[in-house]
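Nothing in this text is a laboratory measurement; each read-out follows from the coordinates by a stated rule. None of the values given here were measured: they were computed from a predicted structure. Don't worry about glycine lacking a Cβ; one is built from the backbone with ideal geometry, like all the others, and counts go over all protein chains shown.
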Amino acid sequence: MVTIDSEKCIGCFACVSVCPFLILKAEGDKAAVNNPDRCILCLHCAAACPVNAVSLGELEGVLPGGLPKLSEDTPRQLENLLMTRRSYRHFKQKPVPRDVLEKALRVSAWAPSAKNRHPAKWIVIDDENTIKKMMDDILEYIKETGKYPDVAKVYEEGHNPVLGNAKALILGYAGNESNYPAIDTALALYNAELMLQAQGIGTCWAGYLTRMCAEIPALQALLDLPEGCRVYGALFAGYPDENYIHIPNRHKQPDIKWL
């Protein structure tokens, strides 16, 4: 629960003004918690407090240090990152360091989330034998059911449309008790993807794998998801073995309506 240190509070009420659910109020010359049951723990209050008077239980309300300064060129750099992002399916043998993957997933926690619930959790698979077993289970399922014949055909021709030749798989899952588990997981996964691509690590959204994790019992057994949870998004990741020298055009331009 959010708490306010009345000894630190200077009565500027910046926290009160930014609270989206009127959790805080002015009580005399200090800010105070008003409706704790409505708090979604977004910590706008902590981010706005100039004297670090807001805490989250035993945790500090904010990270150490102030806001990083963005350069005037940040919008252009962000545009460049977004427009040069590609979907990579062929990777070098070099493994992706676990600390790089972990940091990207930690940054994903700052993605938007309905009611600030942040339901996304992660399974990262970087063991070659486990990845191979997953593909074996997928091919066996295709053989038994006759589903996804296009996957089997392309695989026989030497291309893996489900996993590429990824050195790591990132699976995002969530429980169905969340407001929008699929959207929240996708937003968090996209944050992680941009962090990885900014560091030269290629990624590709694994739509086949996402669907198959909900269908194939062998994959479900391997992942051992908690009851009520499902995989809502997946990426493969690795150091790209593909080279692009241009930004491709888009045959479909944004359809924008102004009112």
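Structure summary
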| quantity | calculated |
| --- | --- |
| Of K30/K121; K94/K153; K69/K103; K25/K103; K103/K133, pairs whose Cα-Cα distance is over 32 Å | K30/K121; K25/K103 |
| Cross-link partners of K143 among aspartates and glutamates (Cα-Cα below 20 Å; sequence separation of 8 or more within a chain) | E156, E157, E215 |
| Check: the range 70-154 dipole with +1 on Lys, Arg Cβ and -1 on Asp, Glu Cβ, in debye | 140 debye |
| Ascending count of other beta-carbon atoms within 10 Å, so fewest first, for Y244, Y239, Y148 | Y244, Y239, Y148 |
| Label point distance in nm, I183-L22, each placed 7 Å from Cα along Cα→Cβ | 2.4 nm |
| Sorted by Cβ neighbour density within 10 Å, fewest at the top, the residues I4, I247, I40 | I247, I40, I4 |
| Dipole in debye (nearest 20) - the range 74-238, about Cα centre, beta carbon charges: Lys, Arg +1; Asp, Glu -1 | 600 debye |
| Alpha-carbon Rg with Dmax, taken over the chain, Å | 22.6, 74 |
| Sum of -39500 (n - 2.57) over DSSP H runs of 4+, divided by residues of the chain (222 nm, nearest 500) | -10500 deg cm²/dmol |
| Cβ-placed point charges (K, R +1; D, E -1), dipole of the range 1-142 about Cα centre in debye, nearest 20 | 460 debye |
| Helix axis angle, 128-145 relative to the chain longest principal axis, alpha carbon, degrees | 70 degrees |
| Cα-derived Rg to Rh of the range 34-101, Kirkwood definition | 1.16 |
| Cα principal axis extents for the range 2-60, largest first, Å | 24, 23, 15 |
| Cut-off 17 Å (backbone N to label point 7 Å along Cα→Cβ of L56), residues of the range 1-27 | 1-5, 15, 19-21, 23-24 |
| Cys residues of the chain counted as unpaired, since no other Cys beta-carbon is under 4.7 Å | C9, C12, C19, C39, C42, C49, C204, C213, C229 |
